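J.: Can you read through this structure? Questions will come right after.
The values are calculated or read from the model by the stated rules, or taken from the named source; none is laboratory data. Bear in mind the structure is a predicted one, so any value in this text is a computation, not a measurement. FYI the Cβ positions are ideal-geometry reconstructions off the backbone, even for glycines, and counts take in every protein chain you see.
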């Protein structure tokens with residue numbers, strides 16, 4: 001599968017990564033530090049989204065929002081992990097010498113997990129899309145703006161040459177799939193709790209949800 005991806009998306013991946021390298025040559029003094037900052041944010045954002053989701057679920061009336069944040073990230077991590085260990089695609093800087101040179105040029109940290117799909121893109125897209133789907137109309141515009149962050153995060157994965165563009169593209173698709181699974185999960189949970197309205201968890205969620 002990894003060999004098929006490398007051959008099928010070779011032109012697409014090379015074009016985007018070469019474009020990113022050209023940007024690094026021109027504006028690396030500004031873009032490279034920003035990309036590395038986003039890389040660090042990406043390492044902690046999953047935990048932050050989960051903590052915020054649990055906080056909303058346990059201590060506020062926005063329980064559906066909290067469940068969506070938790071579910072979107074968890075489903076994205078699960079689906080992305082299945083793909084990573086099924087495909088086992090190495091990172092671009094391991095596969096090709098030219099990508100290794102571009103990766104060394106920006107001074108990105110070595111990442112040791114498999115490349116396909118991008119976990120950063122998956123969890124970011126999954127969490128934000130799940131919250132957008134499950135939020136009320138008044139909040140949808142806010143979460144819609146959050147896609148700017150998704151695009152920037154995806155760009156930095158290619159700019160740092162730690163992912164193929166096809167990895168990032170699949171990460172976005174995985175995120176959408178995760179959001180749909182999250183929506184179905186939330187619907188099932190609320191349907192199940194409505195069957196047992198006197199159950200303490202039903203009272204906790206249904207009686208205090210916004």
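J.: When residue 56 is evaluated against the numbered criteria (1) at pLDDT 90 or above; (2) more than 22 Å from residue 10 (Cβ to Cβ), which criterion, by number, is the only one it fails?
T.: Of (1) at pLDDT 90 or above; (2) more than 22 Å from residue 10 (Cβ to Cβ), only one is false for residue 56: (1).
J.: Which of the residues belonging to segment 87-123 are modelled with pLDDT under 90 and more than 21 Å from residue 166 (Cβ to Cβ)?
T.: Listed by number, the residues that qualify are 107, 109.
J.: Say whether the condition of being more than 22 Å from the chain's Cα centre (by Cα) and farther than 26 Å from residue 112 by Cα is met by at least one residue in segment 11-28.
T.: yes
J.: Restricting attention to segment 148-179, and to residues there that are more than 23 Å from residue 21 (Cβ to Cβ) and touching a helix residue (DSSP H, G or I) at 6+ places or on another chain (Cβ under 8 Å), which single residue is surrounded by the fewest Cβ atoms within 10 Å (Cβ to Cβ)?
T.: 149
J.: Kindly indicate whether residue 58 is assigned to a helix (DSSP H, G or I), surrounded by fewer than 16 Cβ atoms within 10 Å (Cβ to Cβ) and in contact (Cβ under 8 Å) with a residue 12 or more places away in the chain.
T.: no
J.: Please work out if residue 53 is assigned to a helix (DSSP H, G or I) and crowded, with 17+ Cβ neighbours inside 10 Å.
T.: The answer is yes for residue 53.
J.: Out of segment 64-119, which residues are touching a helix residue (DSSP H, G or I) at 6+ places or on another chain (Cβ under 8 Å), without any contact (Cβ under 8 Å) to a residue 60 or more places away in the chain and in a loop (DSSP other than H, G, I, E, B)?
T.: 110, 113, 114, 115, 117, 118, listed by residue number.
J.: For residue 42, which of the numbered conditions (1) within 23 Å of residue 130 (Cβ to Cβ); (2) crowded, with 16+ Cβ neighbours inside 10 Å; (3) free of Cβ contacts under 8 Å to residues at least 24 places away in the same chain fails to hold?
T.: Against the list (1) within 23 Å of residue 130 (Cβ to Cβ); (2) crowded, with 16+ Cβ neighbours inside 10 Å; (3) free of Cβ contacts under 8 Å to residues at least 24 places away in the same chain, residue 42 comes up short only on (3).
J.: Let me ask something else about it. Output yes when any residue across segment 124-142 is part of a helix (DSSP H, G or I), more than 14 Å from residue 74 (Cα to Cα), out of contact with any helix residue (DSSP H, G or I) (no Cβ under 6 Å at 6 or more places or on another chain) and at pLDDT 80 or above, and no when none is.
T.: No; the residues of segment 124-142 include none that is part of a helix (DSSP H, G or I), more than 14 Å from residue 74 (Cα to Cα), out of contact with any helix residue (DSSP H, G or I) (no Cβ under 6 Å at 6 or more places or on another chain) and at pLDDT 80 or above.
J.: Filter segment 1-14 down to the residues that are surrounded by 11 or more Cβ atoms within 10 Å (Cβ to Cβ) and in a helix (DSSP H, G or I) and list them by number.
T.: 2, 5, 6, 8, 10, 12, 13, 14
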